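A short worksheet on the structure shown next.
Read the figures in this text as sums done on the coordinates, not as results from a lab. Because the structure is a prediction, the values reported are computed rather than measured. Cβ placement follows ideal geometry from the backbone for every residue including glycine, while neighbour counts extend to all protein chains displayed.
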Amino acid sequence: MLTPTSMTWSTLRQTEFPICARWVFLNHAAVAPLSNRARRAMEWLLDDVTRNGTANAGQWHQCYQRCREAAARLVGAKPTDIALLKNTTEGLGVVANGLDWREGDNVVSCNVEFPANIYPWMNLARRGVDLRLVPERDGRVPFEDIEAALDARTRVLALSFVEFGSGFRHDLERLGALCASRGVLFVVDAIQGLGVFPVDVAAQQIDALSADGHKWLLAPEGCALFYCTPALREQLEVVNVGWWGVVNASDYLNYDFTLRPDARRFESGTLNTVGVYGLTAAIELLLELDLDRVAARVLELTDHLCEGLLGKGCELLSSRVAGEASGIVSFVPPSEDPRAFVTRAEGEGIIIACRDRRVRVSPHCYNDESDLNALLALL
């Protein structure tokens, strides 16, 4: 069992994130840097395969299970309800393509979702399923508007934990209770919140959750965790069936087409082993740091940033209401094109992003006030 660490943020920065020696990196909502711990874990695997081939393959399988256990702790689930997939999109597709849809069904989402959580549902139009997009209003997607969009034919509410452009954080517990009361499946794209804010899939009544590791989890690209309830798992047709998803996966010529009883049925083939090693180490680091502590630190940093931005005359587009604020802050500079500002910042060693004609800044817990002050100085 992992135990919380008393490591200071300064020590974490110095020991785990060498990127700080060269860059002020404030773009964790895109592709985050790796920690030394994640890098070492992947280097071990690469060295092992280089020197030993498959001699230690048993250890790889132990790491798969260790990753499922760490991911389960992260979201408050059981390891048997966790599958290791390629990316967020694949997990959302497991649900979108696996449900028994009927013509006239609908899915509710919002009009500022990242495309990964739009196209799998839009693709269902050929099956007579309607996608309803609740509009954003002043950087928020009000609960009441979402509630009003649900009707008797709504099968799924599909939302991001945190919206990628504005940083608006949905109240998962309130939305989960709403879905449970209406008999609607609650599907969450968690990639922009998982790794900063605690998640409890049981308390929040989440039916399915998907998140790649390369953003706030500080893990490599191409390796994701997928959760779904046992009840939903039995409803879903496994569309992408493969050799790894059946009970006798290692008995190659015994063609027993019996799916695994747990979430591993969705792992169709060979896993991204090097990615799993990195993801495991990254999740375990965050668990040691304690997600409540990480969340408080990130909100402290973004509060500092927002205060500075308002003092510089910027237009702040991210909600800072308690429970809605996140690690993403979007703003418009007072007298400079956002894209030009992002380019100028990179020239000064500061990595941020431009999304939808806004500057987007996304610090993590190892950043400090000096990083944010360097950005503010450019304004």
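Scan segment 95-192 for GluC sites (Glu not before Pro) in coil per DSSP, keeping those whose Cβ has at most 12 other Cβ atoms within 10 Å, and list them by number.
Glu103
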Inter-part gap, Cα centre of segment 55-80 to Cα centre of segment 209-266, in whole angstrom, is 13 Å
With label points built 7 Å along Cα→Cβ from the Cα atoms of Arg293 and Asn111, find their separation and express it in nm. 4.3 nm
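Report the GluC sites (Glu not before Pro) located in segment 193-269 that are in a DSSP loop and have at most 15 other Cβ atoms inside 10 Å of their Cβ, or state none.
Loop-located and lightly packed - Glu237.
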Just to confirm the filter: which trypsin sites (Lys or Arg not before Pro) across segment 76-128 are DSSP coil and have at most 14 other Cβ within 10 angstrom of their Cβ? Arg102
For Cys179, Cys67, ascending order of other Cβ atoms within 10 Å (fewest first) is Cys179, Cys67
Taking Cα pairs under 8 Å and at least six residues apart, what relative contact order does the chain come out at, in percent? 24 percent
Averaged across orientations, what area in nm² does the convex hull of the alpha carbons in the chain project? 19.6 nm²
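How large is the dipole of segment 45-287 about the Cα centre if only Lys and Arg carry +1 and Asp and Glu carry -1, each at its Cβ, rounded to the nearest 20 debye? Before the final figure, lay out each step's value.
Working: 22 positive and 31 negative charges, 44 e Å.
Rounded to the nearest 20 debye, it is 200 debye.
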Taking θ as phi - 60°, what are the ³J(HN,Hα) couplings along segment 273-289 by the Karplus curve (6.51, -1.76, 1.60), each to the nearest whole Hz, with x for Gly and Pro? 4, 5, x, 4, 4, x, 5, 4, 4, 5, 5, 5, 4, 5, 5, 5, 6
All lysines inside 18 Å of Lys215 as judged from Cα atoms, apart from same-chain residues fewer than 8 positions distant: Lys86
Within 10 Å of each residue's Cβ, count the other Cβ atoms and sort His61, His28, His304 from fewest upward. His61, His304, His28
Can you compute the FRET efficiency between Arg174 and Thr15 using 1/(1 + (r/R0)^6), with r the Cβ-Cβ distance and R0 = 41 Å? Round to the nearest 0.05. 0.60
Mind listing the long-range amide H neighbours of Asn27? Cut-off is under 5 Å, sequence gap 5 or more, other chains count too, H placed in the peptide plane at 1.01 Å from N. Ser362
Between Arg51 and Ser250, what FRET efficiency follows from the Cβ-Cβ distance if R0 is 35 Å, with the result rounded to 0.05? 0.90
So for R0 = 56 Å, FRET eff. of Leu310-Glu103 from the Cβ-Cβ r, to 0.05, ends up at 0.65
Please compute the alpha carbon radius of gyration of segment 40-115, then divide it by the globular-protein estimate 2.2 N^0.38 Å. Two decimals is fine. 1.60
For a bin width of 10 Å, list the pair-distance distribution of segment 162-267 built from all Cα-Cα distances, rounded to whole %. 13, 36, 32, 15, 4, 0
